[in-house]
Amino acid sequence: LEEIMVDADLDVLGREDYVTSNRALRKEMEVVNGISHTDREWYIFQQEFLSKHAYFTNAAHSLRDEGKARNLALVYTWLAGLPDA
């Protein structure tokens, strides 16, 4: 049951609204927790999280793995587009 709940919580990683949700999460962290990141820091964090994350259930794998891979590729694109630090 816990694995199903975790998959449901992180379902957004493989959805088409990942970008919108990711921006909202970044804003929430800044406003609520006072945590601010540069674009490079944020995208590296996202790249690492998406790369290490794995869904538990077969349903989540079949429904979200492909979308998560697309979103990870998008994060790599964002990182590549940033000026060197």
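The values are calculated or read from the model by the stated rules, or taken from the named source; none is laboratory data. On a predicted model such as this, the values are computed, not experimentally measured, just so you know. As a convention, Cβ positions derive from the backbone with ideal geometry for all residues, glycine included, and neighbour counts pool all protein chains shown. Just so you know, the surface numbers come from the protein's heavy atoms only, side chains and all, with ligands and any DNA or RNA stripped out. Shrake-Rupley method; radii C 1.70, N 1.55, O 1.52, S 1.80 Å.
General remarks:
- Solvent-accessible area of residue 25 with every protein chain in place, 1.4 Å probe, in Å² to the nearest 10: 70 Å²
- Of the GluC sites (Glu not before Pro) in the range 1-72, those whose Cβ has at most 13 other Cβ within 10 Å and which sit in DSSP loop: 16
- The dipole here belongs to the chain: it is taken about the Cα centre, uses +1 on the Cβ of Lys and Arg and -1 on the Cβ of Asp and Glu, and is about 220 debye.
- Options (1) 24.4, 66; (2) 16.3, 53; (3) 13.6, 44 - which one matches Rg and Dmax of the Cα atoms in Å as calculated here: (3)
- Centre-to-centre separation between the Cα atoms of the range 4-31 and those of the range 47-81: 12 Å.
- Segment residue 39-residue 52, extension gain: residue separation times 0.36 nm, minus the distance between their alpha carbons: 2.7 nm
- For the chain: relative contact order, % (alpha-carbon pairs under 8 angstrom, 6 or more apart): 46 percent
- Rounded accessible area per residue of the range 25-85, 1.4 Å, Å²: 68 Å²
- Cα-based helix-to-principal-axis angle, 58-81 vs the chain, degrees rounded to 10: 10 degrees
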